[in-house]
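The values are calculated or read from the model by the stated rules, or taken from the named source; none is laboratory data. Everything numeric here is computed off the predicted structure, so don't read it as measured data. Cβ placement follows ideal geometry from the backbone for every residue including glycine, while neighbour counts extend to all protein chains displayed.
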Amino acid sequence: MVKPPTAANPGAVAGPRRARRFQQVDVFTARAGGGNPLAVVLDSEGLDTATMQRIAAWTDVVETTFVLPPDSPEASYRLRIFTPSRELAFAGHPSVGTAHAVLQAGWALPRPLAGGGTGLIQECGAGLLPLRITGEGVAREIAVQAPPVALLSRHGGEDAALSALLGASLAEAGGAVIDGGRRWFVAELRDEAAVRGLHPDFAGIAALVAAHDAIGLTVFARTPSRDHDLVVRALMPVAGGYEDPASGAANAALAGYLHGSGQAAGLGDRYVVSQGREVGRDARLVLHHEAGRIWVGGPCCSVVTGTLQW
Amino acid sequence: MDPTPSPTAAPPGACDFPFLQVDVFAHAPGLGNPLAVVFGAETLDTASLQAIATWLGLSETSFVLPTTQAGADYRLRIFTPRQELPFAGHPSVGTAHAVLEQGIVQPRDGRLVQECGAGLLPLRIEGEGTARNVHVRAPRGIERPADPIAVLASLGMAGSITTAAAPTRLRPALIDNGPRWWCVELADEASVRGLQPDLPAMARANRADGSTGVAVFAGCTDQPYALVVRAFVPADGIPEDPVTGSAHAAIAAWLQANAALPAACFQSSQGRELGRDGIVAISVDAEGEVWIGGRTQTVIAGRLSW
């Protein structure tokens, strides 16, 4: 938490105000309002950690990133990621959205990546990480490599308690507990309508995920839709119940699990997810499986473009 | 002011609107309550305005629109992430600053008139730029009969507030000035700043009696401000609001009704417990109307593509 200013030093504001380039990006959507917001402060040289935290608390966006010149010659830029209450070493949607902002602003240019393709190298608390860029303009997609995923336990499709909680019957594979950096309970339903029609019982979800030390429940179904291959909802029992409109982490973990457990045969090495319509958004996430690893990405758009003076 | 197609990578069909994100009741950036202000969005329907406010996620987003009534300088519509409001204090103060910064209107004799869902409301303007103070006349606060026992219990003070131990303190009252605020006076500044309410219990109490939230306050001595305030709205998912215009107006109305105002014009401190440091100016005019105001800082300036 931010240390409150004291009476003797109200605000603890020092130094001249300077205009820094700023964007508020919508991540995992090509259309404003469809995805997950991210605030990006470009030109963040000279901001100390406490000031970054204060800015992230004030913008009140789920995450705010700060772009800095890289320390490593191999990196395109350095970024620091803050929620309104703390700094994160790494997170997927801020990485994808920051790369978009950096490209829009001309802050860095795409370069060839070691594994093929072109992209950017981001330096962050988790080290040097590649971001891959495909397409151009509104069709541009940016993807980040996700952490490996472990399957912890399987729960069969006939689990009556789980079916009762979801108000829908489970697909044959049923539920599972997976770990992709954080633990998720995942449950496959039989069709898209069952996933979209689900009214989450967050008290029940809280009990379920607590029993497995997980942070949330990911429900999904395969669909024959031309627009997407999977429909996903990420339900988290925080603050009385929160549904993530576009979750890079939940989708990357799910993709790693499906590929690692032989359930991805019908999906192939690239599939498209629809998420967020039930909470008024319409996100599109693209999951790539390559050499045993998952890349999660999608389109982005800049909703606010301007300057921030602090 | 006309929205124009974005020359950058905005998708087909998107329009660009001038955009400011300002900090209200703040004497420096980051110390107040943020507000997003979107200009020229008259081409968008109500559902789109609501969607923008929901996506931005701030406590309020205001849209500056052409007037529809004679005598108004501009019209604004105010949205929380969930709903449209007819009036709110911090969006009124911040939007007036924003329209002046954008040069859309000029005050006449230090006055502006805003058109909003609550009708035509006068604003008083003093000074310029970051030192500019904007004051808005608040709707009148009316006491509503209600039992304070559940709210007091959530503040850890069941039964203690009305005892003879503190004869000078005001009794708790539910004041309706649009929102309905429980106004609860505590013993001193330290009691207000150190308060740790039972928020789930408070949320239950608010739902039970239809109140918006709880505003606790105390008079201050030897400070540049005469009042300290904290405002809790747990029933609406906001544990604590950083700086709250309507809560100040409610408290001022209750102080006035009890002839307990510290002065006709004074300052109040709110938000330090959340890392902010808001200053609200409160004044009562010759007609007995309560005005709330303060400074606003422009933090983000640019365009919004939607």
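A count restricted to the stretch B:55-79 and to residues that are crowded, with 19+ Cβ neighbours inside 10 Å and within 14 Å of chain A (Cβ to nearest Cβ) stands at 7. Testing residue A:310 on (1) in contact with a Ser or Thr (Cβ under 9 Å, 6 or more places away or on another chain); (2) over 28 Å from residue A:136 (Cα atoms); (3) away from every other protein chain (no Cβ under 14 Å), one condition comes back false. Which one is that? (3) is the only condition that residue A:310 fails.
Residues that are touching a Pro at 6+ places or on another chain (Cβ under 9 Å), assigned to a strand (DSSP E or B) and hydrophobic (A, V, I, L, M, F, W, C) within the stretch A:277-294 comprise A:283, A:286, A:294, listed in sequence order. In summary, residue A:264 fulfils each of the numbered conditions (1) outside any loop (DSSP other than H, G, I, E, B); (2) away from chain B (no Cβ under 14 Å); (3) more than 15 Å from the chain's Cα centre (by Cα) with the single exception of condition (1). So, residue B:244, is that one β-branched (Val, Ile, Thr) and within 19 Å of residue B:87 (Cβ to Cβ) or not? Yes; evaluated as a whole, the condition is true for this residue.
Applying the condition of being modelled with pLDDT of 95 or more and away from chain B (no Cβ under 13 Å) to the stretch A:278-293 and asking which residue is surrounded by the most Cβ atoms within 10 Å (Cβ to Cβ) yields A:285.
Residues that are touching a helix residue (DSSP H, G or I) at 6+ places or on another chain (Cβ under 6 Å), of a type in the set (S, T, N, Q) and either assigned by TED's automatic domain parsing to the domain that holds residue B:236 or crowded, with 16+ Cβ neighbours inside 10 Å (or both) are absent from the stretch B:87-110 altogether.
Can you find a residue in the stretch B:45-62 that is more than 16 Å from residue B:116 (Cα to Cα) and of a type in the set (Phe, Trp, Tyr)? Checked the stretch B:45-62: at least one residue is more than 16 Å from residue B:116 (Cα to Cα) and of a type in the set (Phe, Trp, Tyr). Within the stretch A:73-120, if we keep just the residues that are touching a Gly at 6+ places or on another chain (Cβ under 9 Å) and hydroxyl-bearing (Ser, Thr, Tyr), the residue that is nearest to residue A:43 (Cα to Cα) turns out to be A:76. Every listed requirement among (1) within 13 Å of chain A (Cβ to nearest Cβ); (2) more than 15 Å from residue B:228 (Cα to Cα) is met by residue B:278 save one, (2). Scanning the stretch B:60-102 for residues that are at pLDDT below 95 and out of contact with any strand residue (DSSP E or B) (no Cβ under 7 Å at 6 or more places or on another chain) gives B:80, B:81, B:82, B:83.
All of (1) touching a residue at least 40 places away in the same chain (Cβ under 8 Å); (2) surrounded by fewer than 20 Cβ atoms within 10 Å (Cβ to Cβ); (3) more than 12 Å from every other protein chain (Cβ to nearest Cβ) hold for residue B:39 with one exception: (2). Looking across the stretch A:158-173, the residues that are surrounded by fewer than 18 Cβ atoms within 10 Å (Cβ to Cβ) and in contact with a Leu (Cβ under 8 Å, 6 or more places away or on another chain) come down to A:158, A:159, A:163, A:167, A:169.
Taking the listed residues A:103, A:152, the one that is touching a residue at least 24 places away in the same chain (Cβ under 8 Å) and part of a strand (DSSP E or B) is A:152, with no other qualifying.
Scanning the stretch A:174-197 for residues that are aliphatic (A, V, I, L, M) and surrounded by fewer than 17 Cβ atoms within 10 Å (Cβ to Cβ) gives a single hit, A:193.
Of all the residues in the stretch A:250-285, those that are within 16 Å of residue A:28 (Cα to Cα) and out of contact with any strand residue (DSSP E or B) (no Cβ under 8 Å at 6 or more places or on another chain) number 2. Only a single criterion out of (1) of a type outside the set (D, E, K, R); (2) outside any loop (DSSP other than H, G, I, E, B); (3) closer than 28 Å to residue B:302 by Cβ is not satisfied by residue A:128, namely (3). Tell me, yes or no, whether the stretch A:144-155 has at least one residue that is in contact with a helix residue (DSSP H, G or I) (Cβ under 9 Å, 6 or more places away or on another chain), closer than 30 Å to residue A:178 by Cα and among the hydroxyl-bearing types (Ser, Thr, Tyr). So far as the stretch A:144-155 goes, no, none of its residues is in contact with a helix residue (DSSP H, G or I) (Cβ under 9 Å, 6 or more places away or on another chain), closer than 30 Å to residue A:178 by Cα and among the hydroxyl-bearing types (Ser, Thr, Tyr). If you check B:262, B:234, B:242 for being touching a strand residue (DSSP E or B) at 6+ places or on another chain (Cβ under 7 Å), of a type outside the set (A, V, I, L, M, F, W, C) and within 14 Å of another protein chain (Cβ to nearest Cβ), only one passes: B:242.
Out of all the residues in the stretch A:236-271, which are under 13 Å from residue A:293 (Cβ atoms) and buried (at least 17 other Cβ atoms within 10 Å of the Cβ)? Selection gives A:252, A:253, A:255, A:256, A:259, A:260.
Taking the stretch B:41-68 as the range and being among the aliphatic types (A, V, I, L, M) and outside any helix (DSSP H, G or I) as the test, the residues that pass are B:44, B:58, B:64, B:65. Filtered by the rule that a residue be at the interface with chain B (Cβ under 10 Å from one of its Cβ atoms) and on the phi > 0 side of the Ramachandran plot, the stretch A:45-68 gives a lone residue, A:60. Number of residues in the stretch B:275-295 that are under 14 Å from residue B:250 (Cα atoms) and without any contact (Cβ under 8 Å) to a residue 40 or more places away in the chain equals 2. Filtering the stretch A:131-147 to residues that are part of a strand (DSSP E or B) and of a type outside the set (A, V, I, L, M, F, W, C) leaves A:132, A:134, A:141, A:145.
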